Structure formats: structure tokens, C-alpha cells
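Take a look at the structure below.
The values are calculated or read from the model by the stated rules, or taken from the named source; none is laboratory data. Please read these numbers as outputs of a predicted model, since none were measured by experiment. Because the Cβ atoms are built from the backbone with ideal geometry, glycine has one as well, and the counts that use them run over all protein chains shown. Keep in mind that these areas ignore ligands, DNA and RNA; they rest on the heavy atoms of the full protein, side chains included. Shrake-Rupley method; radii C 1.70, N 1.55, O 1.52, S 1.80 Å.
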Amino acid sequence: MTWRTWYKEHLFTPAQAVQQIKSGQRVVVAHACGEPSIILDALVAHAAQYENVEIIHMVAMGKAAYCQPQYDKNFHHNAFFLGGSTRAAAAEGRVDFTPVYFSEIPSLLREDLRPNVTLLQCSPPDAHGYVSLGVSVDYTKPAAEASDLVIAQVNQNMPRTLGDSFLHVTQIGCLVEADTPVIELAPPKIGDVERAIGENVASLVRDGDTLQLGIGAIPDAVLLFLKEKNDLGIHTEMFSDGVVELVEAGVITNKAKTLHRGQSIATFLMGTRRLYDYVNNNPAVAMYPVDYVNDPYVIGQNDNLVSINSCVQVDIMGQVVSTSAGLRQISGVGGQVDFVRGANLSKGGRAIMAMPSTTGKGKISKIVPFLDQGSAVTTTRNEVNYVITEYGIAKLKGKSLRQRAEALIRIAHPDFRDELTAEFRRRYPRDY
Ligand code: COA
């Protein structure tokens, strides 16, 4: 059978496609902006016919309607990350959370949590019958390969990204054509605090460095201060519109990279149409599954790798909490530890943790004497390197506990320095 015949014979409506899912099955949903909205909507519309379908997802950028209380008996969400649409349901005890490094999700899906079905979105097939997974290759491709059935929304609006980003249509059991807009992430608002943090972070970036950037206002603020740098490179789990601007300005060239010279490497993308048009059929960008991009040993093959991530709380020993506030789960580890480890393995690498000094409208210090009860450490004090706030840079690597505490108190918000110093004096009464 030719792939064209396969394609025609496996075309379904969204409602027909979701009939293939059975009660009690494990369903993996494509990550972030790769979420196939048409298929998820059909699944939720037919909720009454399912009992206890497990839905595994990481960053849910859509409505996550399957988390609503009326579907408690139909769907059970097992989250690898929490975001705006899933945090409340998790706080109400209706969502399970499974801790896992982003780089290890593919092996988890292959070996421990094998999916019955993967729901994803892809570009239309090329002349050889290959579809590109576009903005979400990450765990989506490995999940599709490990599943009994793949249901794919084929979307003209999904960019055809290059790299190890393709499936053949004969690997897809149900194809659903729907040209909906690909989910977009609007550029974040960058305030004075983020600008100050961005400037501090950028001061550690040198010409020829390769960057990993997280999601949000701080990474975008960093990019604002990199306009005078030369020959920067990208090896990151995700990037957004800000990178396109620096490519167009000639700042990001990938020329100095020691791995994948000439290409920006990523595993997923979140941004606006501008980003999606930029990556479409663009050989300067290569997308790979996350067990490659986020493998610390792969990351470490990039000399001068600078990782930039954010966190919730840092104690004065340098223990970093990034996913919870006490017992309240806020997000997930994502690729933070993968990249901290990779940057530590990289010759000339620097792992940066950047955060505002306070939260809760300035009433809560993020630098604390003791972590909140119940908080889970994300990046240990053995791995932490730089911590940056709007008040400066604390280099912790190679520093004693006493020196770390001093450095962190210097970059805490002034309103909290006395309290932190009192604890410092209690722990370290003797001056050196
Ligand atoms: N104490 C109590 N609550 C805190 C807090 C603290 N020290 N710091 C943050 N929070 C709360 C905020 O109040 C907010 O709660 P709300 O949504 O109820 O208002 C929530 O945590 C998110 O904080 P915000 O400052 O809006 O987060 P952000 O969007 O800048 O993301 C992280 C910050 C740490 C959550 C995010 O960077 C993350 O998830 N990191 C781990 C994953 C990672 O680094 N991946 C690699 C790069 S993609």
C-alpha cells in the first residue's frame, strides 16, 4: 500500500478518531504548543463514554478541560508539570503529579508508563509521506513510537521543523485534518525588576557562548541585553520569539558552537506566528527528541554552555527549590537539572539561576534562611553555580557555606537582609 492510500484510508473526523480510545487506557498528549486542540475537545465532548482514562501531559497550554470536577470519573490527569490550567485542580487533589527529569520522560514512557494512545499535531506530509511534529518533538515523538495507536491532527499551520522531528504517515493510525491556529505564547511583560535581572545575567555572557533559555520574562529580558554580543549559539530545550530577533540582528550565528555548528538546537518551541514562520523548513534550526537535547552529556559537549533558569526559593546554603512552595506544587523540574548538569559538564560552562528577590508583591523574600516546610529541592547545593537577582550576582560554586550565605544575603531584597543576617550570625558567630 502506498503512503497516499494509507493516508486516505486512515482519515477520520475528530469524533470518529476518539472512539478508538477505550476506558482505562493511558493517553499521552503532545507537549505545550503542540497540543492537538481539536482532538482533545472531541475527547472531552465524549467524556460520558469513558471511565478512568489516564491523561499524561507536561506543560498544558490549552484549557485542560479534562481536569474539571465533572469529569473526575471519566479522566484522571497524571501531570509531569503544572501550569496555569492545572495548578488549581492539583491543589484540590484531583490531579496526580509524577516527578521526572524532562530528559528521562522518553525512557519512562518506553519502559514504565507505556502509552496506549498518543495524541499529537503535525504538518501535512511531504512528498515521501513524512509529517513533521513541528513545535513539539520533545517526548511527543518517543511517545508516538512507544504507543499502540497515534491519533494526529494534520494542520497546515504547523511549521515543518527539521531534524529528528518526523513520523511517517504509516506510523499514524488515525489522521484528522484541521487547520486550527497553533497555540501561541504571547511575549511576556518585562518590568524593571526583570530588566535588572536580565542585565545582570547578560553580564556573564561572552561572545561565542551557547545558551539555554527557559520560559518567561527573565529569559526574554536577558535577550534584550545581548544585542552587542557576537556569535552566540543556541542549544536549549525551548526558545521563543526573542531568539528570532537576535538571529535577524546577526547576534546568534551558531558559528562558535562545538556541537551542531551552524544550527540552533531545541526540543520544543513556544511563541507567536513570527517564531513558527521562522522555523518552518529552516535548516538553521534542528529539533530533536528531549532524551537527546536534554541529555547532560550531550549538553556538556557544547563548550561555554550558559544555562539560564528560574526558581521559587533559595536558602542561604544554596539549595534551590523550583517546583513547589511548601507542599503546594507549582510547576515541574522540566529541563532545569538536565541543563544545570550539562552546563557543569561543559568546558567554560556556567549554570545560572535567575529570580526576582521577592514574590507576593514584595512581602515574601525568595532568599530564605530555611526552605518552606514540605518544599522539594530541585537543584542541590552541590550543583548550584550562580544565583542572580535584580540586586546582583552570587557565585556559589566553590564557596563554603559561610561564603554562600554572605553572597546570597548581598543579593537579597534590602528589606530582608537584617533577618537573613541574624540567622547568618547564629550559624557563623566567628569572623574570618
Ligand atoms: N513562595 C511562595 N510562592 C511563590 C514563591 C515563593 N518563594 N515564588 C513563586 N511563588 C508562586 C507565585 O506567587 C505564583 O503563584 P500564583 O500563580 O498562585 O500567583 C507561582 O509561584 C509562579 O510564580 P511566578 O513568579 O509567576 O513564576 P514564573 O512564571 O516566573 O516561573 C518557576 C517561575 C520557578 C515556577 C519556573 O521558572 C519553573 O517552573 N522552573 C522550573 C522548570 C524549569 O526551570 N525548566 C527549565 C526551563 S523551561
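List of remarks:
- Positive minus negative residues near C174 (Lys, Arg vs Asp, Glu; Cβ under 14 Å): -1
- Close amide H contacts of L305 (hydrogens built in the peptide plane, cut-off under 5 Å, sequence separation of 5 or more or a different chain): T210, G349, R350.
- Ordered by 1.4 Å accessible area with all protein chains kept, D138, D372 run largest first as D372, D138.
- Two-site FRET efficiency, T421 against T359, from Cβ-Cβ distance with R₀ of 22 Å, rounded to 0.05: 0.60
- Under Karplus coefficients 6.51, -1.76 and 1.60, residue-wise ³J(HN,Hα) of the range 73-85 in Hz, glycine/proline x: 7, 8, 10, 10, 8, 10, 9, 9, 6, 10, x, x, 8
- Entry comment: accessible area of the range 225-275 is 35 Å² per residue, from protein heavy atoms only and a probe of 1.4 Å.
- Under 5 Å from the amide H of L82 lie the amide H atoms of S331, G332, each residue being 5 or more positions distant or on a separate chain, with H modelled from the backbone and absent for Pro and chain starts.
- Ranked by the mean number of other Cβ atoms within 10 Å of their residues, highest first, the peptides 396-402, 384-390 come out as 384-390, 396-402.
- Carbon/sulfur fraction of accessible area - the chain, other protein chains in place, 1.4 Å, %: 49 percent
- Most mobile listed residue (E248, E35, E54) in the chain, GNM with C-alpha springs under 10 Å: E248
- Cα shape, the range 314-380, gyration tensor, a/c 1.5 rule: prolate
- Evaluating 6.51 cos²θ - 1.76 cosθ + 1.60 at θ = phi - 60° for every residue in the range 353-368, the Karplus couplings come out as 10, 10, 7, x, 6, 9, 9, x, 6, x, 8, 10, 7, 8, 9, 9 Hz, glycine and proline recorded as x.
- Probe 1.4 Å, protein heavy atoms only - accessible area per residue of the range 357-430 in square angstrom: 54 Å²
- Backbone phi angles across the range 92-102, fed through the Karplus curve with coefficients 6.51, -1.76 and 1.60 (θ = phi - 60°), yield HN-Hα couplings of 7, x, 9, 10, 8, 10, 10, x, 6, 5, 4 Hz in residue order; Gly and Pro are listed as x.
- Cα-based helix-to-principal-axis angle, 414-427 vs the chain, degrees rounded to 10: 70 degrees
- Anisotropy class of the range 312-432 from Cα gyration tensor, a/c 1.5 cut: oblate
- Highest-fluctuation residue, P356, P99, P124 considered, GNM on the chain with Cα pairs under 10 Å: P99
- Prolate is the label for the range 108-228, because the ratio a/c of its alpha-carbon gyration tensor axes (a ≥ b ≥ c) is 1.5 or higher and a/b is greater than b/c.
- Straight-distance candidates among the lysines for linking to K257, with alpha-carbon spacing under 19 Å and chain neighbours fewer than 8 residues away dropped: K227, K229, K347.
- Rounded to the nearest 20 debye, dipole of the chain from Cβ charges on Lys, Arg, Asp, Glu: 1080 debye
- For the chain, built as a Gaussian network whose Cα springs stay under 10 Å, the top-fluctuating residue of N280, N294, N302: N280
- FRET efficiency, R410 to R273 (Cβ-Cβ, R0 30 Å, nearest 0.05): 0.10
- Close amide H partners of I56, meaning residues 5 or more places away or on another chain with modelled amide H under 5 Å apart, are V27, V28, V29, N78.
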